[in-house]
Amino acid sequence: MGDGTRGIIALQEWQGWGTTSPVPTVVAEIVEDLKLLERDVDEQMTFGGKGGKLQGQFRLQEDKKHRATYQTLGDSEKKLQFYAARQIACRLLGSRGYLCQKCWLPMEEDCVCSKVTSCSLWPGIRFWLYMHPKDFLRQNNTGKLLWQVFGVEAATLCLFGIAEHEEIMWNSFKLAGKGKVWCLYPNKSAVLKSVKDAFGLEAVANSDLTATKTKEDKTLNFILLDGTWSNSGAMFKRLQDRAKSVWGDEDLPCISLSPGASAMHKLRPQPSWDRTCTAAAAIGLLSELHDLPQFSCLGLDEQADAVEDALTNLLEALTTRRLRMGRSITRKARHTNNIR
Ligand SMILES: [Zn+2]
């Protein structure tokens, strides 16, 4: 694949969706293949439905072609990377010119960007949104809110199965060391710690006085699994496997939020958010950390509020959209307007 083909998804367009990474190679290749196929079958690709699915005759042709490609891939890692990149390529092409790049809502009708207030996250914390490709550019994804509010350096997108993204994330984890990496995942089979148990004795560096070098070492990295409940098992497994190869055979440290203490239980308006509303998990974590004495002066409560405001705006926009489109809203959705 020549370098000229990368131009099909320009760097600026790619990064506009919320990442600082280069355009992933496999995504660029698949976009190029789609464009070539479009020329070969002399039919424009069209997308529709949820998830940026290809439509019509083009879809049938592409289906045949991508299945054939998939079969030729030797190992399961290559297959996973191809699967992830194809999802992302289709979503990129299907959302172009339709979704707002920042809030991932239809830009003409529903964009909520004017209502989002940005806020600085305490620099001792960094969030990683480990996102399933099927959640990429989804309107009801809530992980995107974190980098809308805190910026892409404080809340970084890492797409599952995209080698470039996973390298960036794991390089940061290697620098940070195992003791500074935590996964928020309420998995019974994982070793779980409460926020208090994990961080109750944590020394908090004064970020004003700490040199950049030592600050890097002290940053707490939190991985938020951003996908449906059924996909998050595979995502967690992949993190565990990588953790084992990097740090030996120990499990990836996991923390669980106390039930009831977080916003998570108030804020689930749609079945698709069941148990995995990512923004609510971040709100819960910041709130619980704030309750620990040594974290109490860092403004984490205000930072949690900023995410909650953004989440409320998103829920309102989604509810408005559903009503406009004549869809029913769930019983839970009616309560979301009361939440601040
Ligand atoms: Zn927007």
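The values are calculated or read from the model by the stated rules, or taken from the named source; none is laboratory data. As the structure is a prediction and not an experimental result, all values here were calculated from the model. With ideal geometry, Cβ positions are generated from the backbone for all residues, glycine too; neighbour counts draw on all protein chains shown.
Return a yes/no flag: does segment 256-268 have any residue that is out of contact with any His (no Cβ under 7 Å at 6 or more places or on another chain) and modelled with pLDDT of 85 or more.
Checking segment 256-268: at least one residue is out of contact with any His (no Cβ under 7 Å at 6 or more places or on another chain) and modelled with pLDDT of 85 or more.
Determine which single condition L80 fails, assuming it passes every other condition in (1) more than 14 Å from the chain's Cα centre (by Cα); (2) farther than 17 Å from G16 by Cβ; (3) within 16 Å of the ligand (Cβ to nearest atom); (4) of a type in the set (A, V, I, L, M).
Going through (1) more than 14 Å from the chain's Cα centre (by Cα); (2) farther than 17 Å from G16 by Cβ; (3) within 16 Å of the ligand (Cβ to nearest atom); (4) of a type in the set (A, V, I, L, M) one by one, L80 breaks only (3).
Does F47 satisfy the criteria of being more than 30 Å from T142 (Cβ to Cβ) and aromatic (F, W, Y)?
Here the answer is no, as F47 does not meet what is asked.
Pairs needed: first member in segment 293-304, without any contact (Cβ under 8 Å) to a residue 60 or more places away in the chain and surrounded by fewer than 17 Cβ atoms within 10 Å (Cβ to Cβ); second member anywhere, small (G, A, S) and assigned to a loop (DSSP other than H, G, I, E, B); C-beta distance under 9 Å; at least 6 residues apart or different chains.
Going by the 9 Å Cβ cut-off, the qualifying pairs are P293/G200.
Among the numbered conditions (1) more than 30 Å from C254 (Cα to Cα); (2) in contact (Cβ under 8 Å) with a residue 12 or more places away in the chain; (3) away from the ligand (no atom under 14 Å from the Cβ), tell me where Q71 comes up short.
Result: Q71 fails condition (2) only.
Which residue pairs have Cβ atoms under 9 Å apart, sit 6 or more places apart or on different chains, and have a first residue in segment 97-119 that is free of Cβ contacts under 8 Å to residues at least 24 places away in the same chain and a second that is within 11 Å of the ligand (Cβ to nearest atom) and polar (S, T, N, Q)?
Pairs found: M107/Q101.
Only residues that are aliphatic (A, V, I, L, M), part of a strand (DSSP E or B) and within 13 Å of the ligand (Cβ to nearest atom): list them for segment 91-139, please. Don't jump to the end; show me each part of the working.
First, the residues of segment 91-139 that are aliphatic (A, V, I, L, M): 92-93, 99, 105, 107, 112, 116, 121, 125, 129, 131, 137.
Filter once more, keeping what is part of a strand (DSSP E or B): 99, 125, 129, 131.
Selection gives L99 alone.
Take segment 39-52 and flag every residue that is out of contact with any helix residue (DSSP H, G or I) (no Cβ under 7 Å at 6 or more places or on another chain) and at negative phi.
R39, D40, G48, K50
With the checklist (1) away from the ligand (no atom under 16 Å from the Cβ); (2) out of contact with any Ser or Thr (no Cβ under 6 Å at 6 or more places or on another chain) in hand, flag the one item W147 doesn't pass.
It is condition (1) that W147 fails.
Would you say I162 is among the β-branched types (V, I, T) and either within 16 Å of the ligand (Cβ to nearest atom) or over 24 Å from I8 (Cβ atoms) (or both)?
For I162, the condition - among the β-branched types (V, I, T) and either within 16 Å of the ligand (Cβ to nearest atom) or over 24 Å from I8 (Cβ atoms) (or both) - is not met.
Within segment 102-120, is even one residue in contact with a Ser or Thr (Cβ under 6 Å, 6 or more places away or on another chain) and either buried (at least 19 other Cβ atoms within 10 Å of the Cβ) or more than 30 Å from K35 (Cα to Cα) (or both)?
There is no residue in segment 102-120 that is in contact with a Ser or Thr (Cβ under 6 Å, 6 or more places away or on another chain) and either buried (at least 19 other Cβ atoms within 10 Å of the Cβ) or more than 30 Å from K35 (Cα to Cα) (or both).
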